[in-house]
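Presented below is the structure to which this report refers.
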Amino acid sequence: MSDKPKNRLDEQIDENLRRVYQTAASEPVPDRFTQLLEQLRQSEGEKPNNEAGA
């Protein structure tokens, strides 16, 4: 990044991006995603050993 000081607009952009990220990061994972991850884990467990690392 640059060594020049941030102006007020840059600071506002940073604050807003942080706020949006924090909001999204604190939301729970939707049930559908959790179910899909579980299905993936189960299907990976069913692969023969020689294909598991591929």
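The values are calculated or read from the model by the stated rules, or taken from the named source; none is laboratory data. Note that the coordinates shown come from a computational prediction; the quantities given were computed from them, not determined experimentally. Counting neighbours? That spans all protein chains shown, and the Cβs are built from the backbone with ideal geometry, glycine included.
Filtered by the rule that a residue be of a type outside the set (D, E, K, R) and either modelled with pLDDT of 95 or more or assigned to a helix (DSSP H, G or I) (or both), the stretch 31-50 gives Phe33, Thr34, Gln35, Leu36, Leu37, Gln39, Leu40, Gln42, Ser43, Gly45, Asn49, Asn50. Taken together, the residues in the stretch 16-42 that are surrounded by 10 or more Cβ atoms within 10 Å (Cβ to Cβ) and acidic (Asp, Glu) amount to 1.
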